[in-house]
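Throughout, read-outs are computed from the coordinates displayed, never taken from laboratory work. Fair warning: this is a prediction, and the values are worked out from it, not measured in the lab. Glycine gets a Cβ as well: all are built from the backbone with ideal geometry, and neighbour counts include every protein chain shown.
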Amino acid sequence: MTQAQQGKYPTPEGWYTIIRLPGFGQLWGIHLLTSVAGQFHILALTWIAIELTGSEAAAGALLMMSAIPRAILLPVGGAIADRSPATKVLTWTLSVLAVLAGLLGTVLSLARPSVSQIGLLVSVFGIAVAMYSPAAFAAVAPIAGRENLQTANALIQFTTQAGPFLGSLAATAAFATVGLRASYLVVACLLGIATLLAANLGRFDTSYADQHPPTSSEDDMVGAQAKGRARFGSIMRSVEVILLLLTSAAINLSVVGPLQVGLAGLVRNGSGTGPEMHGVFVAVFGLGSLLGSAVPALVLGKTGTDRRIYRWLTVLGALWVFVGKDTGAVTTGALLFGSGVCVAVVSVLVISRIQGVVPAAVLGRAMGILLVASTGLQPLSLLLAGYGSEWIGPSRLFLISGVFAAAVGLACQAISIRTDAKMKASSREGAES
């Protein structure tokens, strides 16, 4: 019987200890491989659509066809993960994703499929991702153990930031060596390796809760959880939480589509280069996001984070406006790097702030609403970016997106200041009375 199956986990002293936990190294590898493959998939699909149709709108529509079923079916994937062993769900969904990627790569290499045929395949791809994602995060707790969750989730989050950077580099290399269409076979290989890791992960799939039944002190928490659920509605309707959700929505609406679709049009219309340069630019943005995820812990400290969120969003909007200008590859790369830093800082601070104001008993539902505000808007962002890049041009698309993000940041900051002033005035009146 393995250490994980006995329910014994060493007290972690750092990330290296967590990586060595039975099964966690495999799970971390699965997250990293799928994150890299996901970014690879987005870049390849964007340029395949442009190659077939010459239209950024078609690229946005294809990405939307993958994103919509993913956003809608994520709750279904969560329900399946609750009722089935997470590692079995991972194995089956990753197998389906690997087969779909291989099929798409083979079809693209041997024939010239229509956009509708590709759209059908990527829609199924999106459904499989919706089944995979909840199980991938549900598998962390039984493998890592409760005392290791904070560090374990931090390591998993790192792969989310590293994926766009590494995936863009891998895609750029594949486009230059094996060609755009055959590059999908690389995605299939990455997902195939992840499938093998998931199949091996099954021997570590044991419920930590089964090995550690609740104590009487844990049973006493039921009353606190009920109070937390009762407060959930009022907390989620508070001005601060609404502003945080609006901030998350603004980032995803103004950044995701322009980055994946508008930037492709900018590269094609400006420098005349193709998917390789687009991959380099997205990799630079990903590197900024990767480094930016450390800024809140190393630089900003723990105070005043709510107001700083809106300031960083305003800075992001200002940088995003100039990305669309014809300022040369070096300047564009620097602007994308800075934008990536801003996106990562805002994302980390929004999550941390919501975790700080929402009771633990209802934090899962709160995070679900946050994901809806972010992931749920990605299909719309991709669609608007595709048509916007064609109708008004990629430069104006970045201009409008940047102005929108900056305006939301300034508005949220003004509302936050006004709300704080009202609360202080109300407190003074209460003290005087």
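Fewest Cβ neighbours within 10 Å first, please rank Leu27, Leu169 accordingly.
Working: Leu27 26, Leu169 19.
Taking fewest neighbouring Cβ atoms as first place, the list is Leu169, Leu27.
At 0.36 nm per residue, and after removing the present C-alpha to C-alpha distance, how many nm does the segment from Val76 to Asn200 gain when stretched out fully? Mind showing how you got there, number by number?
On the way: separation 124, 0.36 × 124 = 44.64 nm, distance 2.50 nm.
In short, 42.1 nm is gained.
Enumerate the residues in the range 375-399 having an amide nitrogen under 18 Å from the point lying 7 Å beyond the Cα of Asn269 toward its Cβ.
Residues 382-399 fall inside that zone.
Taking 0.36 nm per intervening residue step and subtracting the Cα-Cα distance, what contour gain separates Ser109 from Ala329 on full extension? Spell out each step's value before the answer.
Working: separation 220, 0.36 × 220 = 79.20 nm, distance 3.10 nm.
That pair, Ser109 and Ala329, stretches by 76.1 nm at full extension.
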